[in-house]
1. Kindly provide the Kirkwood hydrodynamic radius of the stretch 114-204 in Å, to one decimal, from all pairs of distinct alpha carbon atoms.
2. Using 0.36 nm times the number of residues separating residue 98 and residue 179, minus their current alpha carbon distance, what extension gain do you get?
3. Would you list 83, 200 from fewest to most Cβ contacts within 10 Å?
4. How long is the gain from residue 109 to residue 85 if the chain were fully straight, where each residue apart is worth 0.36 nm and the alpha carbon distance is subtracted?
5. For a footprinting-style exposure proxy, rank 133, 100 by other Cβ within 10 Å, fewest first.
6. Rounded to the nearest 0.05, what FRET efficiency do residue 200 and residue 69 give with R0 = 41 Å and r taken as the Cβ-Cβ distance? Could you check?
7. Quote to one decimal, in nm, the extra length available between residue 192 and residue 151 on full extension: 0.36 nm per residue of separation minus the C-alpha distance between them.
């Protein structure tokens, strides 16, 4: 009987070695293999297949970047926007005085455009109530070639700020360069013209 039992057990052991399913049934349970059971070895990963670790910015860095971008955008917008400030320097300027020189803003082949600003009131108090014509004339070789005028009344004077008339005068010219004379005068309604000042400006036309 003992000999028969030994033979049966020997055959069973031999069959277990030949049967691949017995390998899995004989594997040590995970509970007995420790905390790292099932974790792959570092050898599984090749050098070319590493992890990309995302880099995140701190909240302070994000705020600083946003502030910088806003400042740059503000500077770009300010540079692109046209200025709304008075285009002449009013410091020390006198009413109906020779404050600023005329300037050539356009030079065509046989004509130029001249800008001539004239201050006619610093405040409403400068206006005495008598309406008049403010006149700007351009002369070339003693001949008048352009004229501009503005009717100055109480309604045409600002209450608290300065009042400036910007004459823009289209002036035909002869020759590629020369000197023009600009005369500014004040003519009361029904009265005699009073010359305020005379200015000259050089020009050079486009070829």
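Just so it is clear, none of the values below were taken in a lab; they were calculated from the coordinates. Keep in mind that this is a model prediction, so the values were computed, not measured. Using ideal geometry, Cβ is built from the backbone for each residue, glycine included, and neighbour counts are taken over all protein chains shown.
1. Working: mean 1/r = 0.0708 Å⁻¹.
This gives a value of 14.1 Å.
2. Numbers: separation 81, 0.36 × 81 = 29.16 nm, distance 1.84 nm.
Separation in residues times 0.36 nm, less the Cα-Cα distance, equals 27.3 nm.
3. Ranked by crowding around the Cβ, least crowded first: 83, 200.
4. Working: separation 24, 0.36 × 24 = 8.64 nm, distance 3.18 nm.
Contour length minus Cα-Cα distance gives 5.5 nm.
5. Ranked by crowding around the Cβ, least crowded first: 133, 100.
6. Taking R0 as 41 Å, the efficiency between residue 200 and residue 69 is 0.20.
7. Once the chain is fully extended between residue 192 and residue 151, it gains 13.3 nm.
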